[in-house]
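Asker: Sending over a structure as structure tokens; questions will come in a sec.
Nothing in this text is a laboratory measurement; each read-out follows from the coordinates by a stated rule. Because the structure is predicted, anything quoted here is derived from the model rather than measured. Every residue, glycine among them, receives a Cβ derived from its backbone with ideal geometry; neighbour counts consider all protein chains shown.
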Amino acid sequence: MKKLFEQFNIEENQQVINLMNGNSDALPLCPFGIITCKFIEKDKLMIEELIPEIQSLLDNESFQNKIVQLKKNKTKEELKAIINKLNTTNYNEKEKQNALRFYAPQIKRYIDKIENLDFEKFVSVGEELFSSSPDIYQDDLEFYREYYIYSYVAEILFEDYKKDKARKNRFNIPKNNSLEKLYQENDIDLNSVDIQYNKYKLLTIDNNFEISISNIPKVHDKRLDIYLYINEIKEDFLQLLKELQEQKYISDLALRPEYKNVSKDLQDLSFGFEEKEFGKIFSFKDLGNPTITKLYSTDKYDNKLWIIIDEENITFEELLEDFEVYNDSIVTQVIHLQYKKEKDNYVIHHIDHEYIFYTEDEYMERENNSMQKGEAKTRFKTFKVDNSKIPFILNDGSFFLYKVLDTYFVNKDLIEEYFSTQPL
């Protein structure tokens with residue numbers, strides 16, 4: 001099954017690349033997902049290999065439990081997304097009440113599914129989905145009805161396969177990767193000309209680049225007239241960095257590029273998702289703006305959140321109970337900034353975000369010792385700002401540090417709790 005999923009994943013990735021290259025006619029991107037489209041097309045691998053393998057497993061209780069748990073996990077993610085939208089959208093009181101009424105039945109269904117879903121109910125959900133499907137199955141209704149449940153299971157397993165693959169490869173940077181080769185073809189050695197790339201594998205966004213604002217983070221290299229994907233950043237935060245760069249608050253900026261899915265034909269396209277407007281959702285908007293002098297405290301450990309502040313540095317590290325594991329390392333997030341006083345105002349002249357990798361012993365020590373370092377793997381930076389003068393309070397009156405923490409940290413409640421206790 002894994003081999004088939006790898007083959008389908010390669011094909012799906014190629015479809016996306018073709019689309020982004022403006023070449024959608026070569027291998028059109030399936031609107032229903034590649035598993036469903038393979039099923040509709042009665043693809044030979046799908047019908048003769050994948051479905052029979054799932055058929056042979058479907059009576060196994062442990063396999064059934066795995067499918068149910070994967071479905072519950074997906075439901076939890078969908079529920080979390082709805083709750084996050086309700087908590088962070090700038091509703092007025094009437095809009096908030098309307099939103100609560102609109103989402104209440106859906107939230108109730110999600111909670112019921114999380115608490116009560118078993119394999120029998122899972123099969124019933126699949127049957128309901130088939131019955132509510134459009135006319136895509138009408139040319140051979142009995143065949144599709146008989147085998148739909150296996151396609152439904154295959155789709156869930158395929159999504160889990162892709163997530164697991166992404167987790168395992170997330171912090172892996174291929175040597176002599178496609179990005180470097182593309183530049184080498186244009187007589188540019190990134191490791192020689194870009195200090196940030198040589199040291200951190202970040203791409204320096206200088207006058208050669210223009211940040212492209214869309215729901216697919218990209219930059220345009222004007223030298224080569226090519227677009228490059230930017231990873232590990234949200235589109236609204238990328239827009240903020242672009243604005244600060246244009247306002248001359250940011251001097252030196254480096255971002256984490258995509259290394260593998262690279263093409264000289266990549267187009268500046270966006271996907272038409274129904275998502276938030278850039279920059280509108282922000283979790284800590286009602287906390288006020290603390291000054292640096294009021295932020296001062298001793299090393300603070302507060303339920304998995306370390307905040308360390310001195311006369312030049314502020315460091316936040318998030319230690320989650322449900323921590324991420326990467327290649328046997330425990331992963332945490334750190335946001336570090338350096339600041340200084342200019343005239344009567346404090347400005348940020350350096351800030352970065354990175355993932356830290358701990359061995360189990362290092363992590364256990366880190367929970368009680370702010371000096372313990374994670375050395376299981378080299379730190380993985382996502383963005384880096386240097387030699388800059390970012391004000392803590394931006395031109396629109398918002399607090400810059402909140403926006404950074406809101407972008408990257410998972411446990412918003414802990415951050416809100418910390419800042420709500422600081423005098424303004």
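Asker: With no solvent and one point per C-alpha, what does the Debye sum give as log10 I(q)/I(0) for region 178-255 at q = 0.21, 0.23, 0.25, 0.26 Å⁻¹?
Answerer: Summing over Cα pairs of region 178-255 leads to -1.01, -1.19, -1.35, -1.42.
Asker: Go through Leu70, Phe383, Ala166 and say which Cα lies farthest out towards the positive end of the charge dipole of the chain; charges sit on Cβ, +1 for Lys and Arg, -1 for Asp and Glu.
Answerer: Value: Phe383.
Asker: Nearest 20 debye, what's the magnitude of the dipole of region 178-255 about its Cα centre given +1 on Lys and Arg Cβ and -1 on Asp and Glu Cβ?
Answerer: 140 debye
Asker: When a/c reaches 1.5 or more, the comparison of a/b and b/c decides; with that in mind, is region 325-367 rounded, prolate or oblate per its Cα gyration tensor?
Answerer: Verdict is prolate for region 325-367.
Asker: In debye, nearest 20: dipole of the chain around its Cα centre with unit charges on the Cβ of K, R (+) and D, E (-)?
Answerer: 820 debye
Asker: Right, something else. Which residues does a label at Asn231 reach in region 144-187, if reach means a backbone N under 16 Å from a point 7 Å past the Cα toward the Cβ?
Answerer: Under cut-off, by backbone N: 162-182.
Asker: Just order 399-408, 160-169 by mean Cβ neighbour count inside 10 Å, highest at the front, would you?
Answerer: Working: 399-408: 20.9, 160-169: 13.2.
Descending mean neighbour count gives 399-408, 160-169.
Asker: Please work out how much length the chain gains when fully extended from Phe130 to Phe102, using 0.36 nm per residue of separation minus the C-alpha to C-alpha distance, in nm with one decimal. Walk me through the intermediate numbers first.
Answerer: On the way: separation 28, 0.36 × 28 = 10.08 nm, distance 2.52 nm.
Here the segment from Phe130 to Phe102 would lengthen by 7.6 nm.
Asker: Which order do the peptides 373-379, 136-142, 351-357, 46-52 come out in when sorted by mean C-beta neighbours inside 10 angstrom, highest first?
Answerer: Ranking, from highest mean packing down: 351-357, 46-52, 373-379, 136-142.
Asker: For the pairs Lys340/Lys377; Lys66/Lys168; Lys181/Lys218; Lys3/Lys175; Lys76/Lys373; Lys3/Lys304, note any where the Cα-Cα span goes beyond 29 Å.
Answerer: Flagged as over cut-off: Lys340/Lys377; Lys76/Lys373; Lys3/Lys304.
Asker: Next question, about the same structure. Treating only the Cβ atoms of Lys and Arg (+1) and Asp and Glu (-1) as charged, compute the dipole magnitude of region 63-164 about its Cα centre; round to the nearest 20 debye.
Answerer: Here region 63-164 has a charge dipole of around 820 debye.
Asker: Compute the semi-axes of the equivalent ellipsoid of the chain, taking the square root of 5 times each eigenvalue of the Cα gyration tensor, and list them largest first in whole Å.
Answerer: In descending order the semi-axes read 41, 28, 22 Å.
Asker: Report the relative contact order of the chain, percent, no decimals, based on alpha-carbon pairs under 8 angstrom and at least 6 residues apart. Spell out each step's value before the answer.
Answerer: Values: 548 pairs, mean separation 55.1, N = 424.
Normalised by residue count, the contact order of the chain is 13 percent.
Asker: Then there's this: Taking the Cα centroid of region 62-79 and of region 356-424, what is the distance between the two, rounded to the nearest whole Å?
Answerer: Taking the Cα centre of each part, region 62-79 and region 356-424 sit 31 Å apart.
Asker: What 222 nm value per residue comes from the helices of the chain, counting each DSSP H run with n ≥ 4 as -39,500 (n - 2.57) and dividing by all residues, nearest 500 deg cm²/dmol?
Answerer: Helices in the chain give a 222 nm mean residue ellipticity of -13500 deg cm²/dmol.
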